[in-house]
Amino acid sequence: MELSFLSLTVFFVTTMAEGVHWPEHVVCSSPHFQLSYASCDPFQDVGFTLNPCTDLHVQSEFNSTISLLLQHSTEELYLSLDLLHGDQKLLHYDESLCLHHLPRFPFCGRKKGELINHDWPLKIKLIPFKGLFNIWIQLLNQDGYQIACANVTLIHD
């Protein structure tokens, strides 16, 4: 039993060192719009859905769901987001999602090992630019531990 665990640990560490990544998930693909993401956290993947999957020219309000298993608690949770179009950074955004004295969302205050499965309406303004956009999203807790990380790709024709 100990040998199996040791072998699995060596395989996991070797595999992660070789740069194996989580798969790319296609969230939405329509004729003029594609949204996909891959987790950039080496220890866990993230689940994300967007409904309905329609063109941004047709609809700007969606229902979204995020799911992940917490590796650390979230008494405080901070969002950092960068939006890039080609090599140009269009936006850097930081926000406190959960503060110890101000829990804004149901997942605030969750403990290690709990599953977050959160639904919320999402409004996306029409994007005035066309092309390939990359969005880097990172969630950190009160101790600076990464809770989730995703590289999002948006293609808008």
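The values are calculated or read from the model by the stated rules, or taken from the named source; none is laboratory data. All values reported here derive from a predicted model rather than from experimental measurement. Neighbour counts are summed over all protein chains in view; Cβ atoms, including those assigned to glycine, are modelled from backbone coordinates with ideal geometry. Calculation scope for accessible area: heavy atoms of the full protein, side chains included, ligands and nucleic acids excluded. Shrake-Rupley method; radii C 1.70, N 1.55, O 1.52, S 1.80 Å.
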Can you confirm whether the range 149-157 contains a residue that is more than 20 Å from Ser64 (Cα to Cα), hydroxyl-bearing (Ser, Thr, Tyr) and at pLDDT 90 or above?
-> no
Those residues that are of a type in the set (S, T, N, Q) and either assigned to a loop (DSSP other than H, G, I, E, B) or touching a Gly at 6+ places or on another chain (Cβ under 9 Å) (or both), I need them from the range 66-95; list them, please.
-> Ser67, Gln71, Ser73, Thr74
Would the range 125-133 turn up any residue that is touching a residue at least 40 places away in the same chain (Cβ under 8 Å), within 17 Å of Ser39 (Cα to Cα) and surrounded by 13 or more Cβ atoms within 10 Å (Cβ to Cβ)?
-> yes
The number of residues in the range 96-114 that are open to solvent by less than 50 Å² (accessible area, probe 1.4 Å) and part of a strand (DSSP E or B) is 4
Taking interchain pairs and intrachain pairs at least six residues apart, which have beta carbon atoms under 6 angstrom, with the first residue in the range 87-114 and within 30 Å of Leu154 (Cα to Cα) and the second of a type in the set (Gly, Ala, Ser)?
-> Asp94/Ser80
Mind listing just one residue for me: the one in the range 60-84 that is loosely packed, with under 14 Cβ neighbours inside 10 Å and at pLDDT below 85 and, of those, nearest to Arg104 (Cα to Cα)?
-> Glu61
May I ask you to list the residues in the range 145-157 that are within 21 Å of Ser80 (Cβ to Cβ) and open to solvent by 50 Å² or more (accessible area, probe 1.4 Å)?
-> Tyr145, Gln146, Asn151
Quick one: is His32 under 23 Å from Asn141 (Cβ atoms) and modelled with pLDDT under 90?
-> no
Is it the case that the range 52-60 has a residue that's in contact (Cβ under 8 Å) with a residue 40 or more places away in the chain and within 20 Å of Trp22 (Cα to Cα)?
-> no
Taking the stated definitions as given, is Val26 loosely packed, with under 15 Cβ neighbours inside 10 Å, modelled with pLDDT of 90 or more and either aliphatic (A, V, I, L, M) or part of a loop (DSSP other than H, G, I, E, B) (or both)?
-> yes
Just one listed residue, out of Cys40, Cys53, is of a type in the set (A, V, I, L, M, F, W, C) and either touching a Pro at 6+ places or on another chain (Cβ under 9 Å) or modelled with pLDDT under 90 (or both), and it is Cys53
